[in-house]
Amino acid sequence: MHEAGYNFAYLDEQTKRAIRRGLLKAVAIPGHQVPFASREMPLPYGWGTGGIQLTAALLGREDVLKVIDQGADDTTNAVSIRRFFARTAGVATTTRVVEATLIQTRHRIPEAPLAEGQIVVFQVPIPEPLRWMEASERETRRMHALKEYGLMHVSLYEDVARHGRIAKTYDYPVMVAGRYLMSPSPIPKFDNPKLDRSPALQLFGAGRERRLYAVPPYTEVNSLDFDDHPFTVERWSQPCALCGATDSYLDEIITDDAGTRMLVCSDTDHCGARRAERPAEECTP
Amino acid sequence: MSDDEVLLRVRGLTHRYGARTACAQVDFDLHPGEVLGIVGESGAGKSTLLHCLATRLQPSAGTVEYRCADGRLREVFALSEAERRLLLRTEWGLVHQNPRDGLRMEVSAGGNVGERLMAVGERHYGRIRTQAAHWLAQVEIGAERLDHLPATFSGGMQQRVQIARNLVSRPRLLFMDEPTGGLDVSVQARLLDLLRGLVAQLGLSAIVVTHDLGVVRLLAQRLLVMRGGRVVEQGLTDQVLDDPQHPYTQLLVSSILRV
Ligand SMILES: Nc1ncnc2c1ncn2[C@@H]1O[C@H](COP(=O)(O)OP(=O)(O)O)[C@@H](O)[C@H]1O
Ligand SMILES: [Mg+2]
């Protein structure tokens, strides 16, 4: 049961319906930003109020919720949001991707493959990928309407001219279904290929900016690049020091006062599960 | 000249800002390869007229027809917004008086010049860069400045980057608003020389707005003289300047009104 005094999942039903209408429109026009009447939430902006409102509008009593922040289920932000919905909606929560029906995330897409029927809700700070090049929203809206995206390539050109390669490592712009330019939110570009033709429904919410957008299941998502500077993802020379994974996104952590560094999976649940599956003697590096 | 040679046909062009009429009943034809000067003192309506022609402003009345690369004469305000915007960054160029209005100041010179190529789908970095270097060289800017920001350039250089940024798409028609305004006299002379060379070399058609009769004498074959929003005299540049008919043109030429 959820706590008394709140409507189920905090938001009133009318607000949830308005958000769901926005989401239906977003699904119908993949990658297109749809305005919505973002509400004040009992968490500060920057804590994922856009994502939280989408989750609140989507949750049913049977849902199983997973919340991650930078790949981890146990950071303050993830714990607060999970607790918020456990309290206001009384839904079951999990850290396992396979068990979750709805995953709210900030900065990562889980390493474990997603499945049909699952929903991923991304927290978005800046929904407009052209913002850095064109400050006028009127103009960026026109650019989207007319599919005029040369300016995004100017930004990539500047990267290559300055650094010899496309230096963007996160929030790397993508084209959705060959039509709309979209910010994938500040996930590492490592995760961009996971957006492409994903069996899950991917939804994006920006609270402060009052925008939501969607990538429906099996939609083509391409990362922008140049013919002679193709898109590539991060690679590491070592495997994860904890689970030995060679195909996951690694974070550098400092393990002691002497500043010893270690590369480990950023997706903590994935890493833990891999370690649990392996014989004990292989566990320690 | 026959009708099918007209590149731009302007009829009854009028623009009002509220109740104030900034230009009224302007008629002229521009032919391929021709440079037309529009002169008149400050406030005469030159910039308003130019921005109407370049579709930056919606005229209150009148028509502007342009012969597209496919040979058809089309009313530019009847084009869809997408077609018009495409025209503006492919077949047309617009050089602003203040380079800040025509450049992206936070983008390198190369990026500024390459933008039009990327806008029409060029996705090969090496080719974009080669083209950018080529067009910067055409305006006498060395390849070593390719990655520099326009903010580090002098006013004259910024103006040249702006010109290169327009030329990269090989436009057929260039609109220029006081291209040498705000520059030192010696810099003005050099820019004019350069412009004259480029226009001839590329076979460009152009419309140049200026209050400086020296500019049109060097660049323009034909002249429109504007006063209070109206064209008071038009004709071949040498004829108008050497033998002005309208009293206002006579004043202008006798430099009493020279700003
Ligand atoms: N945005 C505007 N709003 C109202 N009046 C304007 C505007 N721009 C220009 N004007 C007026 O229109 C007239 C023509 O201006 P303009 O076209 O800039 O002339 P010019 O370029 O010949 O100096 C002037 O009287 C000017 O004050
Ligand atoms: Mg002017």
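The values are calculated or read from the model by the stated rules, or taken from the named source; none is laboratory data. Computed from a predicted model, the values in this text were never measured in an experiment. For neighbour counting, all protein chains shown are included, and Cβ atoms are generated from backbone atoms with ideal geometry for every residue, glycine included.
Descriptive notes on the structure:
- Of the residues making up the range A:148-163, not a single one is in the same structural domain as A:V121 (by TED's automatic domain parsing), under 20 Å from B:R123 (Cβ atoms) and buried (at least 20 other Cβ atoms within 10 Å of the Cβ).
- Within the option set A:A135, A:A167, being part of a loop (DSSP other than H, G, I, E, B) and within 30 Å of A:P113 (Cβ to Cβ) holds for one residue only, A:A167.
- Strands (runs of 3 or more DSSP E) wholly inside the range A:208-285 that include at least 1 residues being over 16 Å from the mean Cα position of the chain (by Cα) and without any contact (Cβ under 8 Å) to a residue 12 or more places away in the chain: A:250-254, A:261-265
- Listed conditions (1) closer than 22 Å to A:I119 by Cβ; (2) in a helix (DSSP H, G or I); (3) of a type outside the set (D, E, K, R) are all met by A:Y157, apart from (1).
- Filter result for A:E128 (away from chain B (no Cβ under 13 Å), without any contact (Cβ under 8 Å) to a residue 40 or more places away in the chain and touching a Lys or Arg at 6+ places or on another chain (Cβ under 9 Å)): no
- Tally, over the range A:135-155, of residues that are within 9 Å of another protein chain (Cβ to nearest Cβ) and more than 22 Å from the chain's Cα centre (by Cα): 11
- Test: residue in the range B:24-31 that is away from ligand 1 (no atom under 15 Å from the Cβ), assigned to a strand (DSSP E or B), exposed (fewer than 15 other Cβ atoms within 10 Å of the Cβ) and among the hydrophobic types (A, V, I, L, M, F, W, C): no
- Odd one out for B:L223, checked against (1) within 16 Å of ligand 2 (Cβ to nearest atom); (2) part of a strand (DSSP E or B); (3) not hydroxyl-bearing (S, T, Y): (1)
- When B:L36, B:L50, B:L13, B:L57 are checked against the criterion of being at negative phi and part of a loop (DSSP other than H, G, I, E, B), a single residue qualifies: B:L57.
- Number of positions in the range B:144-168 that are farther than 16 Å from B:D101 by Cα, in contact (Cβ under 8 Å) with a residue 24 or more places away in the chain and surrounded by fewer than 20 Cβ atoms within 10 Å (Cβ to Cβ): 4
- Flag if B:L8 is of a type outside the set (G, A, S), under 21 Å from B:L86 (Cα atoms), buried (at least 21 other Cβ atoms within 10 Å of the Cβ) and within 16 Å of ligand 2 (Cβ to nearest atom): no
- All conditions in (1) of a type in the set (G, A, S); (2) within 16 Å of ligand 1 (Cβ to nearest atom); (3) assigned to a loop (DSSP other than H, G, I, E, B) hold for B:G71, with the sole exception of (2).
- Condition check for A:L11: over 19 Å from the mean Cα position of the chain (by Cα) and either without any contact (Cβ under 8 Å) to a residue 60 or more places away in the chain or not assigned by TED's automatic domain parsing to the domain that holds A:P217 (or both): yes
- Flag for A:V176 being in contact (Cβ under 8 Å) with a residue 12 or more places away in the chain and buried (at least 22 other Cβ atoms within 10 Å of the Cβ): yes
- B:C52 meets each of the listed conditions (1) surrounded by fewer than 18 Cβ atoms within 10 Å (Cβ to Cβ); (2) without any contact (Cβ under 8 Å) to a residue 40 or more places away in the chain; (3) within 15 Å of ligand 1 (Cβ to nearest atom); (4) not basic (K, R) apart from (1).
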